[in-house]
Amino acid sequence: MKIDPWSSSAYNDYARLRDEFGIEEFNFPDLPNPHRLFRRGVIFGHRGFNPIMDAIRFKKPWCILTGLAPSGHMHIGHKMVIDQVIYYQSLGAEIFLAVADIEALGVRGISLEQGRKIAVEHYITNYIALGLKPENCQIYFQSKRETVKDLAYLTGNKVNLSEMRAIYGFEDSTNMTHVYAPLVQVGDILHVQLEKYGGPKPTLVPVGVDQDPHLRLTRNLAFSFRIFNVTLTKDNKIGIFVKPDENVNELLDEAERIIKKLGFADYRKIANYKAIYLDGATTSDIPKLDEALIPIEQQFGGYGFFPPASTYHQFMSGLTGGKMSSSEPESSIFLSDSPEDGVKKVMSAKTGGGVTLEEHKASGGRPDECTIFELFLYHFIDDDKELDRIYNDCKSGSRVCGACKKLASEVVSAFLSDLAKNRELAKKNIDQYLRDD
């Protein structure tokens, strides 16, 4: 099984994806006032979310890094990420939103000027119209942010072409801007932890599972810049290891001071192994130890990056039953669609109903295969009890497709109408969000 960030492949077996790529099941019942995407299991997996949960719980600084590829119209499937961003913003996250104009140039051949125009007209205004606040929020372009490009070069020194081919499947014909683009994304994700932007802090990147290669690469590169490695040893002890060969004794002394401060008394420091072994610690202590060592790394000239966390959401089906795509207008409701066009697409959408009305009433419908029900599930019905009622009535055959399409037409029409009005207001406020530094 291969994940390609730039393919049109559909992913349906999310349990298999978790198993094959080491993605953990998302199960955080303490998340405050969870958005419907969390309540309904649309957010199905994560890497390293525990420090984010800890930051939310104890009101510590943390941030969101997400991005948009300015390569087409924004459709209803894209809305899932910004819904999460707005939710996290309400929980205190600082928001960094990257416009991936370098990636669009390398992968899609879209010029930087055209990418900026698409980003502003089709994405940023919609993000603001949907409820993104200007406080603790900045939207920037990859091509304009020097710290991002500098980190791309620095991290590129830690990975070779063979590894990039293995991760992304690059071929001899792949242009070098495309090869470079993932490293710019690494720069996007890690630069938010530089001193200029507030220093090291837990960082979350909410994505679809197709973007997981970027997160695996970034987490590996973040680790490569760490000075300490806190890990479980072969004999099931927690070890703190110094990675470089310089300043080993000083680093071990500082690490010893930290573990004493954290209350660990049963340990052995072995300078020849560049290590401290903690006999009383468990794997649950690793994140706490790792975080406590970050200021020490900064004192010795390191970055002290937190490994970026990620969450993964399921994909919506296209209205025609395949994958939702900006290049297939009939498969998607674009956020720039008129209410009339939105209604037409709803009325033409594939449902999970029976072939005939009689069959539907006798055997029931298949809401799990219905694109109209997905609109309710992901976006347009927030009341879980109402959604359950629609699901069960469809399964029993007592609710027919016409009733669901009528309801969907009404909510989609109202949504697109309100969004168009909010977009006009948003255009006046874009400068509050954009940063070119």
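The values are calculated or read from the model by the stated rules, or taken from the named source; none is laboratory data. Keep in mind that what you see is a predicted model, and the values were worked out from it rather than measured. Positions of Cβ are backbone-derived with ideal geometry, glycine not excepted, and every protein chain shown enters the neighbour counts.
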Report summary line: Among residues of the stretch 88-109 being part of a loop (DSSP other than H, G, I, E, B) and modelled with pLDDT of 95 or more, the residue nearest to PRO32 (Cα to Cα) is LEU91
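Whether any residue in the stretch 354-361 is crowded, with 19+ Cβ neighbours inside 10 Å and part of a loop (DSSP other than H, G, I, E, B) is what I want to check. Can you show your working first?
If we filter the stretch 354-361 for residues that are crowded, with 19+ Cβ neighbours inside 10 Å, which is where we start, we get 360.
With part of a loop (DSSP other than H, G, I, E, B) added as a condition, the list becomes none.
No, that holds for no residue.
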Query raised in the report: If you check LEU357 against the conditions, is it in contact with an Asp or Glu (Cβ under 9 Å, 6 or more places away or on another chain), outside the structural domain of ILE124 (by TED's automatic domain parsing) and among the aliphatic types (A, V, I, L, M)?
Result: no
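Going by what's in this entry, would LYS288 be described as part of a helix (DSSP H, G or I), more than 27 Å from the chain's Cα centre (by Cα) and surrounded by fewer than 18 Cβ atoms within 10 Å (Cβ to Cβ)?
no
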Query raised in the report: Could you count how many residues in the stretch 362-387 are buried (at least 20 other Cβ atoms within 10 Å of the Cβ) and part of a helix (DSSP H, G or I)?
Result: 10
Report task. State all residues of the stretch 95-151 that are β-branched (Val, Ile, Thr) and buried (at least 18 other Cβ atoms within 10 Å of the Cβ); if no residue qualifies, say none. Result -> ILE95, VAL99, ILE102, VAL107, ILE110, ILE118, ILE124, THR125, ILE128, ILE139, VAL148
Query raised in the report: Counting residues that are free of Cβ contacts under 8 Å to residues at least 24 places away in the same chain, which strands (runs of 3 or more DSSP E) fully inside the stretch 172-253 reach at least 1?
Result: 228-232
Query raised in the report: Within the set of pairs 6+ apart or on separate chains, which have a first residue in the stretch 74-89 that is more than 13 Å from HIS313 (Cβ to Cβ), a second that is aromatic (Phe, Trp, Tyr), and C-beta atoms under 7 Å apart?
Result: MET74/TYR123; MET74/PHE334; HIS75/PHE334
Requested in this report: Filter the stretch 342-365 down to residues that are over 12 Å from ALA408 (Cα atoms) and free of Cβ contacts under 8 Å to residues at least 24 places away in the same chain, then give me how many there are.
Outcome: 4
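For the stretch 388-413, which residues satisfy the criterion of being in a helix (DSSP H, G or I) and in contact (Cβ under 8 Å) with a residue 40 or more places away in the chain? Steps first, answer last, please.
Quick first cut of the stretch 388-413, residues in a helix (DSSP H, G or I) only: 388-396, 401-413.
Selection gives CYS394, CYS401, CYS404, LYS405, ALA408, SER409, VAL412, SER413.
For the stretch 24-31, state whether one or more residues are assigned to a strand (DSSP E or B) and closer than 29 Å to GLU386 by Cβ.
Yes, the conditions are met somewhere in the stretch 24-31.
What residue, among those in the stretch 303-321 that are among the small types (Gly, Ala, Ser) and part of a strand (DSSP E or B), is farthest from TRP62 (Cα to Cα)? Steps first, please.
Just the residues of the stretch 303-321 that are among the small types (Gly, Ala, Ser), to begin with: 304, 309-310, 317-318, 321.
Checking which are part of a strand (DSSP E or B) leaves us with 309-310, 317.
Values: ALA309: 11, SER310: 13, SER317: 32 Å.
Among those residues, the one meeting the criterion is SER317.
Which residue is nearest to the chain's Cα centre (by Cα), if the candidates are limited to the stretch 152-166 and must be buried (at least 18 other Cβ atoms within 10 Å of the Cβ) and without any contact (Cβ under 8 Å) to a residue 60 or more places away in the chain?
If we take residues in the stretch 152-166 being buried (at least 18 other Cβ atoms within 10 Å of the Cβ) and without any contact (Cβ under 8 Å) to a residue 60 or more places away in the chain, then ALA152 is nearest to the chain's Cα centre (by Cα).
For (1) under 23 Å from ILE139 (Cα atoms); (2) out of contact with any helix residue (DSSP H, G or I) (no Cβ under 8 Å at 6 or more places or on another chain), each residue gets a yes or a no:
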residue	(1), (2)
ASN160	no, yes
HIS191	yes, no
LYS196	yes, no
LEU221	no, no
ARG226	no, no
ASN236	no, yes
ASN247	no, yes
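Return the only residue of LYS323, LYS288 being closer than 24 Å to PRO206 by Cβ and of a type in the set (Lys, Arg).
On the way: LYS288 fails: closer than 24 Å to PRO206 by Cβ.
Result of the check over LYS323, LYS288: LYS323.
Out of GLU25, GLU20, which single residue is modelled with pLDDT under 95, outside the structural domain of PHE380 (by TED's automatic domain parsing) and in contact with a helix residue (DSSP H, G or I) (Cβ under 8 Å, 6 or more places away or on another chain)?
On the way: GLU20 fails: in contact with a helix residue (DSSP H, G or I) (Cβ under 8 Å, 6 or more places away or on another chain).
Within the list GLU25, GLU20, the selection yields GLU25.
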